[in-house]
Protein chains: 4
Amino acid sequence: MRTSAAPRVRVGMIGAGFVARLHAEAYRHVHGIEVELAGVAAARPERAAAFAAEFGARRAAADARAVIDDPAVDVVDLCVPSHLHAPLAVEAARAGKHVIVEKPLTGFFGPAATPRAEMLRQALAQADGVIAACREAGVRLCYAENWVYAPPVQKARRLLAAAGGPILRLVGEESHSGTHAPINKRWETGGGGSLIGKGCHPLGAALYLKADEGRRGGGAPIRPVSVLAEVAQLADTAAFRASAPRYLNTVEGADVEDWGSMLIAFEDGSVAQISASDAVLGGIRNQLAVYAAKAVLFCNINPNDAVQAYAPDPAVFAGEYITEKIETTAGWTFPQPDEDWMTGYPHEMQDFVESVAHGREPLSSGALARDVLAVVYGAYLSAAEGRRVDLRPHLTA
Amino acid sequence: MRTSAAPRVRVGMIGAGFVARLHAEAYRHVHGIEVELAGVAAARPERAAAFAAEFGARRAAADARAVIDDPAVDVVDLCVPSHLHAPLAVEAARAGKHVIVEKPLTGFFGPAATPRAEMLRQALAQADGVIAACREAGVRLCYAENWVYAPPVQKARRLLAAAGGPILRLVGEESHSGTHAPINKRWETGGGGSLIGKGCHPLGAALYLKADEGRRGGGAPIRPVSVLAEVAQLADTAAFRASAPRYLNTVEGADVEDWGSMLIAFEDGSVAQISASDAVLGGIRNQLAVYAAKAVLFCNINPNDAVQAYAPDPAVFAGEYITEKIETTAGWTFPQPDEDWMTGYPHEMQDFVESVAHGREPLSSGALARDVLAVVYGAYLSAAEGRRVDLRPHLTA
Amino acid sequence: MRTSAAPRVRVGMIGAGFVARLHAEAYRHVHGIEVELAGVAAARPERAAAFAAEFGARRAAADARAVIDDPAVDVVDLCVPSHLHAPLAVEAARAGKHVIVEKPLTGFFGPAATPRAEMLRQALAQADGVIAACREAGVRLCYAENWVYAPPVQKARRLLAAAGGPILRLVGEESHSGTHAPINKRWETGGGGSLIGKGCHPLGAALYLKADEGRRGGGAPIRPVSVLAEVAQLADTAAFRASAPRYLNTVEGADVEDWGSMLIAFEDGSVAQISASDAVLGGIRNQLAVYAAKAVLFCNINPNDAVQAYAPDPAVFAGEYITEKIETTAGWTFPQPDEDWMTGYPHEMQDFVESVAHGREPLSSGALARDVLAVVYGAYLSAAEGRRVDLRPHLTA
Amino acid sequence: MRTSAAPRVRVGMIGAGFVARLHAEAYRHVHGIEVELAGVAAARPERAAAFAAEFGARRAAADARAVIDDPAVDVVDLCVPSHLHAPLAVEAARAGKHVIVEKPLTGFFGPAATPRAEMLRQALAQADGVIAACREAGVRLCYAENWVYAPPVQKARRLLAAAGGPILRLVGEESHSGTHAPINKRWETGGGGSLIGKGCHPLGAALYLKADEGRRGGGAPIRPVSVLAEVAQLADTAAFRASAPRYLNTVEGADVEDWGSMLIAFEDGSVAQISASDAVLGGIRNQLAVYAAKAVLFCNINPNDAVQAYAPDPAVFAGEYITEKIETTAGWTFPQPDEDWMTGYPHEMQDFVESVAHGREPLSSGALARDVLAVVYGAYLSAAEGRRVDLRPHLTA
């Protein structure tokens, strides 16, 4: 709806793939602010051009610098592979642009044999570099953790605020049947496996809710102090290999975990159990349970029963999207009426452009992104050494 | 998101109450089109002024004509009691304005003792008057049946289109624990009880899906041919009056039904079972089941399990909305993360302003509104005379 | 568990098919009473012999009379096609044997063209004959309506008794994807279609709960006074025939309805909506909702979520039962951990042998069976004539 | 149902409290075997006498030895506090009696300050003593882990057998709002907190399913090799203490955990995540998820939706059981139609008396009981030392 002086935010996108499309789609739903796609860069020029044409971007470029340096760009939205997040974010900040970075903010990208303590050190150093660059440039760092914005999580936050009293325990999971894309199955490109790729989501939401609980009373965010974790390659065992046919998506030469579970303690004595798996059939699971002193909340981002569908054979629904990563569309399924919405994409982009337009912090910012990295790489260290990892030395104030 | 030449639609609202606020809130979420609140009229001027201030309307007036005649208004949005829909819609159309009318489009508003055949005749005559006025003026008639736009119903529509084959049977219901507002409990003001006030919603969605099925194959809408119905005053029996304490909302002097159920036959041999009740505890129920030749779809607008909440006593969630018409917020509840969204309000307003801006029919138009009235008042006639009512003589081509 | 003087009940079974097996299995679970299978009769002697061997019956016979006249038989359990219920029940009663009759107690079995009023008259006359024969012989008439005994229905009954106040409305349904067995699809053998074959179940439970409500306060059962109904052949329309592939089970030459819905009014002003369908994909649905003045109860006999299962393709669960009438075992399904138990078979047989052993009425008796017939055949009459049928002239005191 | 030569099993019960009643009730439902309650012993003679009268036991005694030495007793059923399990089981075995022991089989019962390694050593030594005594006496050791028998778990087992392929991951939990009984909140009497008291259930079921997977193919049970765990006292933090009103059941002076979570690795590379909590509002949660290579199974022992109930205030259902440990019966609840059945008690006792009568191992035996103890006390050690515990040195072949 138009108001007399709708502010305008000019976005430059780096990347024109799946995530870029999700973001561009979400920008379309922003209201109260004029979002202008000032430019898009992609290594393959024809892809940038096609994207610009489809979403109405003013310029298409093959080089990220063209977007970063464009004076008509207010905010740079990085929709590129994870290992490129940190260097491009630093470049954008130094060019005076606000930055939107997809999850994870950064990580460790190198040989699987690297000691986990070194991975943890490098990932946090990278994150610190990005955060410092943004602070020094006076620009916003928007961490695109959509679970913070997912309507069920925000509803839970409001109900918790109404109820008062501490959250005692959070139990969260993101899982599905994996991917055939090698990029996500190697340390060099993925920066880890299920925990960094999927576990960052429920972890981000859990850390956000505890931080919000602390701030709600006028205090500091309540933060994690330790993590104990296990990881495994469930689809890389003798028993699994002997079992046919196979339904999980596996990649030859994968060197990352396809399951991980983290037991996290917070400074106030509360706990979180966060799991992630690439070895779960039956469609994506995005769930967070919150057990508080006065209430219980279950956030069922996926699946939920807003729509329940049945097809007697897989051909029936062939023409329509059901849900991410389901192996068959036969039988009963739980199709999302609008997966982007339920997953929080439009709300996320609304907050980001508002934070830029109105000069305030986004709900999901660099501080959250860094805590997520500390916990996940702390978990990798814990699993490798079979011991609890004290996170306090690794957290910034 | 801004595009080079975003069209603009200027809305004038008549009414500044609950429904007007829902609509104004929904206009805020419209994207791709500039919606301008050109004016608002309310009988109480201070209310109009407050509304204008809150939602940024340019003018506030005490008289509907001021809005209707305002040359700065493209579309008049009628958020007034049902018995005022038809006369104001006709006025607006004659003034050359597009019209948005809340459900029901119109009805019979008079003494309860009026024969049901006469009620049916008058309701359809009123509807025909509105439709003719809009046609003659060349303006859009937007029928605000939000179920047509509710994301679960639209998802079901897409899945049915993917599946192909006929819908065999629809089962729908809207029900809750009633109201303390006498306006909805008297024929003079409500135009009936549960069936017209609540049943119109699942009925509208059912008629829409069958019409869409017909049009999908390039043919005509598939329409109803008969209705058989019962109505009752469940909360007005000796047994109910003897039972204490009471939890349902009842009104002394109510002369309309608090339950009705309609068995509808379509011209292709398929059927619908549509019920409505004001005598249901436990929160609003907005549900539609679609049994098709190749698929089954359940649309759970309310309740669904996107969020599940538990509070050990009703005080816990006192500060936060749970769901419409729940008697207690203790125990397990199913709070909507965003009830407006799940119920289709933003999608509805998006379609209406697009239909106006782009000169096309809205998904929910006068044709649907009239069929809803024919079925509901046909149902009143059926229940009164204890016989099946042939709808064909009452339907327009 | 053994008690000092466990009474003994000797059962003679007529029939050795699917239902007989269900009953025999249920007898095995009876406790506190010694159930002895004294004999079994089946037209095909080898089938009777096999059954006797499997379930430990003392005698196998080809002739029902051999079982009925056997002095070692206390109760005759009729597991035969519906049209044989009444004559065999009368014979058994006259032989001084208690009688267990599967649903429906009896019906009309003849040409489809018979006027519905005549069907109603004949069905009730048959029922009256059975009831009179049992009364005259002083034997129990046990009406095997398992829904009365299904644990969810009995739990609802106890909760309603705890809550007090009237039931205002019941909504029940049994439906699935039909059968390939012509016997159930012809008036001559089935006595009707979905309503008599499936609808009798939720109807029986609804009538039982209202009767129980009346008796609870020391009064008479609360009984139905009228019915308004529609029936249809949903899988026999041009649109359905044109749609391929077909997933519903259809029978060429079927002359009965595959869908029916009944709107029933009770003498206290409350109502029931009971539906049945043979045109529902996705597995059997056995559901009853009870909306009372002080409480709401949903009985989900099938499906419920005690177990949720997912298989990526139909071959995975090929070796294990999922649920009745599901077209695919791929995708998500809701397998019953113990369908017999959830459906009330062991509880039903426990009550029947206790009623015989202890000389008391079973919960589900001839009175309920007759009311079910009056409502269902009243519904056929209603649907045929398109008018409400007053049931009072057809009900016995 | 009676068969010609129903075997007889004579049970002597030690204890006459809550658990003894559960068992006695379950014995009543045993079929095909005559269960005779030969005697009952309770420290308070009047309690034993009342129990004997109610359940038809032949003798009541104040001394456990009177039951153990009774020649008319075949099997001794120990329904006594956990710390008495081992000594009485050894006595019973030495007297030549089969033994039924409630969970946990035994444990460590002493000062909270005892090193966890010592606790682990003592608990397993106790278990070994019981197992050896039974083996030497040639009697059955029946470990009353009802989850092994719960219908949803057995249905999952059958579906897994049908599917084939390995279980990759199990996620289980038992939790509720705790207890006011100090006996369960102290190491001396409870042998630990949530993990031993509640976690033993989902753990037992998980170990059983993996063991069954191994045996299914003719091989050895697949067993756990390590555990990593955290425990906490969630209802003993400053934030919790500052929050009023309190809804969780807490005990002053509790020295055991009210939450624990275990990450277990199996020898085949699969994993289990087992949690238990006394700090969960909203009713008992008994859930096990099984993610296998070819299927997913969710066992919802509690809650499930076989019955859904709503009451507008807590007084409505005051007279009828809803579910264990719910704080309010207002709002929506999920009452169990028959909690004993869904929880597996009758099936458990059926197996135990059959194992005794037919001279075979019960499904839940000493081997399972000992593995449960090794994992739980291994978990306590892990949490105390903040490191992964290798279970292999602690497991017997």
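The values are calculated or read from the model by the stated rules, or taken from the named source; none is laboratory data. Just so it is clear, the model here is predicted, and its values are computed rather than measured. Neighbour counts are summed over all protein chains in view; Cβ atoms, including those assigned to glycine, are modelled from backbone coordinates with ideal geometry.
Matching residues to (1) of a type in the set (D, E); (2) within 17 Å of B:L203 (Cβ to Cβ):
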site: B:S243; (1), (2): no, no
site: B:L248; (1), (2): no, no
site: B:D255; (1), (2): yes, no
site: B:F266; (1), (2): no, yes
site: B:S270; (1), (2): no, yes
site: B:R285; (1), (2): no, yes
site: B:V290; (1), (2): no, yes
site: B:P303; (1), (2): no, no
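Tell me yes or no: at least one residue of region A:205-212 is hydroxyl-bearing (S, T, Y) and within 18 Å of A:V153 (Cα to Cα). So far as region A:205-212 goes, yes, one or more of its residues are hydroxyl-bearing (S, T, Y) and within 18 Å of A:V153 (Cα to Cα). Pairs linking a residue in region A:170-185 that is in contact (Cβ under 8 Å) with a residue 60 or more places away in the chain to a residue that is surrounded by fewer than 18 Cβ atoms within 10 Å (Cβ to Cβ) and assigned to a helix (DSSP H, G or I), with Cβ atoms under 6 Å and 6 or more positions apart or on different chains, are A:I183/A:T189. Per the conditions (1) over 27 Å from the mean Cα position of the chain (by Cα); (2) under 24 Å from A:A293 (Cα atoms); (3) at pLDDT 95 or above; (4) not basic (K, R), the sole criterion not satisfied by D:A293 is (2).
I need the full set of residues from region B:278-297 which are within 18 Å of A:P312 (Cα to Cα) and either buried (at least 24 other Cβ atoms within 10 Å of the Cβ) or free of Cβ contacts under 8 Å to residues at least 40 places away in the same chain (or both), in order please. Walk me through it before giving the result.
Kept after step one, since they are within 18 Å of A:P312 (Cα to Cα), are these residues of region B:278-297: B:289-297.
Once the filter is applied, which keeps residues that are within 18 Å of A:P312 (Cα to Cα) and either buried (at least 24 other Cβ atoms within 10 Å of the Cβ) or free of Cβ contacts under 8 Å to residues at least 40 places away in the same chain (or both), region B:278-297 yields B:V290, B:Y291, B:A292, B:A293, B:K294, B:A295, B:V296, B:L297.
For region A:249-272, filtered to residues that are more than 14 Å from A:V376 (Cα to Cα) and at the interface with another protein chain (Cβ under 7 Å from one of its Cβ atoms), the residue that is surrounded by the most Cβ atoms within 10 Å (Cβ to Cβ) is A:S270. Filtered by the rule that a residue be at the interface with chain A (Cβ under 10 Å from one of its Cβ atoms) and not hydrophobic (A, V, I, L, M, F, W, C), region B:286-300 gives B:Y291, B:K294, B:N300. Listed by position, the strands (runs of 3 or more DSSP E) contained in region D:4-72 that have at least 3 residues being crowded, with 18+ Cβ neighbours inside 10 Å and touching a residue at least 40 places away in the same chain (Cβ under 8 Å) are D:8-14.
Scanning region A:339-353 for residues that are more than 9 Å from chain B (Cβ to nearest Cβ) and among the aromatic types (F, W, Y) yields A:Y345, A:F352. Give just the number: which of (1) within 18 Å of A:A369 (Cα to Cα); (2) of a type in the set (V, I, T); (3) within 13 Å of another protein chain (Cβ to nearest Cβ) does A:I196 not satisfy? So A:I196 meets the others, but not (3). Counting only helices (runs of 4 or more DSSP H) that fall entirely inside region D:105-207 and contain at least 3 residues that are in contact with a Cys (Cβ under 7 Å, 6 or more places away or on another chain) and within 30 Å of C:M342 (Cα to Cα), the qualifying elements are D:151-163. Being in contact (Cβ under 8 Å) with a residue 40 or more places away in the chain, touching a helix residue (DSSP H, G or I) at 6+ places or on another chain (Cβ under 7 Å), buried (at least 24 other Cβ atoms within 10 Å of the Cβ) and within 29 Å of B:A295 (Cβ to Cβ), is that true of even one residue in region A:302-321? No; the residues of region A:302-321 include none that is in contact (Cβ under 8 Å) with a residue 40 or more places away in the chain, touching a helix residue (DSSP H, G or I) at 6+ places or on another chain (Cβ under 7 Å), buried (at least 24 other Cβ atoms within 10 Å of the Cβ) and within 29 Å of B:A295 (Cβ to Cβ). Residues in region D:301-333 that are modelled with pLDDT under 95 and in contact with an Asp or Glu (Cβ under 8 Å, 6 or more places away or on another chain) were compared, and the one that is farthest from the other protein chains (Cβ to nearest Cβ) is D:E324. All conditions in (1) touching a Phe, Trp or Tyr at 6+ places or on another chain (Cβ under 6 Å); (2) within 14 Å of chain A (Cβ to nearest Cβ); (3) aliphatic (A, V, I, L, M) hold for B:A123, with the sole exception of (2). If you go through region A:363-379 one residue at a time, do you hit one that is within 21 Å of B:P337 (Cα to Cα), surrounded by fewer than 24 Cβ atoms within 10 Å (Cβ to Cβ) and either away from chain C (no Cβ under 14 Å) or touching a Cys at 6+ places or on another chain (Cβ under 7 Å) (or both)? The answer is yes; a qualifying residue exists. Test C:V80 against the stated conditions and say whether it is more than 14 Å from chain D (Cβ to nearest Cβ) and either under 19 Å from C:L105 (Cβ atoms) or at pLDDT 95 or above (or both). When the stated conditions are applied, C:V80 passes them. B:A244 meets each of the listed conditions (1) under 26 Å from A:A295 (Cα atoms); (2) within 13 Å of chain D (Cβ to nearest Cβ) apart from (1). Residue check: is D:A235 surrounded by 23 or more Cβ atoms within 10 Å (Cβ to Cβ), in a helix (DSSP H, G or I), among the small types (G, A, S) and more than 14 Å from chain C (Cβ to nearest Cβ)? Yes; evaluated as a whole, the condition is true for this residue. Within the set B:S275, B:S261, B:S243, B:S270, the sole residue that is free of Cβ contacts under 8 Å to residues at least 60 places away in the same chain and closer than 28 Å to C:R285 by Cα turns out to be B:S261.
Quick one: is A:E230 within 11 Å of another protein chain (Cβ to nearest Cβ), within 24 Å of A:L124 (Cα to Cα) and crowded, with 24+ Cβ neighbours inside 10 Å? So A:E230 fits the description; yes.
Is there a residue being in contact with a Ser or Thr (Cβ under 6 Å, 6 or more places away or on another chain) and within 14 Å of another protein chain (Cβ to nearest Cβ) anywhere in region C:65-76? The answer is no, given that none of the residues of region C:65-76 is in contact with a Ser or Thr (Cβ under 6 Å, 6 or more places away or on another chain) and within 14 Å of another protein chain (Cβ to nearest Cβ). Filtered by the rule that a residue be crowded, with 23+ Cβ neighbours inside 10 Å and more than 12 Å from C:R140 (Cα to Cα), region C:81-102 gives C:S82, C:H85, C:A86.
When the residues of region B:199-227 are filtered to those that are within 11 Å of chain C (Cβ to nearest Cβ) and touching a helix residue (DSSP H, G or I) at 6+ places or on another chain (Cβ under 6 Å), the one that is farthest from C:S261 (Cα to Cα) is B:I222. B:K97 passes every criterion in (1) of a type in the set (K, R); (2) within 30 Å of A:V353 (Cβ to Cβ); (3) more than 14 Å from every other protein chain (Cβ to nearest Cβ) apart from (2). Taking (1) touching a Pro at 6+ places or on another chain (Cβ under 9 Å); (2) at the interface with chain B (Cβ under 10 Å from one of its Cβ atoms); (3) over 25 Å from B:I274 (Cα atoms); (4) surrounded by fewer than 24 Cβ atoms within 10 Å (Cβ to Cβ) in turn, C:E173 satisfies each apart from (3).
Which of the following residues is of a type in the set (D, E) and in contact (Cβ under 8 Å) with a residue 60 or more places away in the chain: C:D236, C:D255, C:D212?
C:D255
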